[in-house]
């Protein structure tokens, strides 16, 4: 790994019953330097919404149709 290689983060973000706007703040350090970097979605906060009480669908590649999901 070199200093020019990208760092990849795989985030699994959930909310039970809310619509949430958020951003990621990454703390870093290198030698005697350190800082924090905010990470946004093209300049705007990310958004995560719950599906509780809302209709949900998935696209099935095997049948090429949208199927309704039971969300409970």
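Filter the range 31-49 down to the residues that are part of a strand (DSSP E or B) and modelled with pLDDT of 90 or more and list them by number. Can you show your working first?
Initially, the range 31-49 is screened for residues part of a strand (DSSP E or B), giving 33-39, 41, 44, 46-49.
If the condition is that a residue be part of a strand (DSSP E or B) and modelled with pLDDT of 90 or more, then 33, 34, 35, 36, 37, 38, 39, 41, 44, 46, 47, 48 are the ones that fit.
Among the residues of the range 50-67, is there at least one that is under 13 Å from the mean Cα position of the chain (by Cα), surrounded by 11 or more Cβ atoms within 10 Å (Cβ to Cβ) and in a strand (DSSP E or B)?
No - not one qualifying residue is present in the range 50-67.
Residues of the range 61-72 being at pLDDT 90 or above and either within 30 Å of residue 2 (Cβ to Cβ) or touching a strand residue (DSSP E or B) at 6+ places or on another chain (Cβ under 8 Å) (or both), which ones? Step through it out loud before you land on a result.
Our first condition is that a residue be at pLDDT 90 or above; within the range 61-72, this holds for 61-67.
Answer for the range 61-72, where residues must be at pLDDT 90 or above and either within 30 Å of residue 2 (Cβ to Cβ) or touching a strand residue (DSSP E or B) at 6+ places or on another chain (Cβ under 8 Å) (or both): 65, 66, 67.
If we scan the range 16-26, do we find a residue that is at pLDDT 95 or above, within 30 Å of residue 2 (Cβ to Cβ), part of a loop (DSSP other than H, G, I, E, B) and under 19 Å from the mean Cα position of the chain (by Cα)?
Looking for residues that are at pLDDT 95 or above, within 30 Å of residue 2 (Cβ to Cβ), part of a loop (DSSP other than H, G, I, E, B) and under 19 Å from the mean Cα position of the chain (by Cα), one finds at least one in the range 16-26, hence yes.
The values are calculated or read from the model by the stated rules, or taken from the named source; none is laboratory data. All of these numbers come straight from a predicted model, not from anything done at the bench. Here the Cβ is made from the backbone with ideal geometry for all residues, glycine too, and neighbour counts use every protein chain on show.
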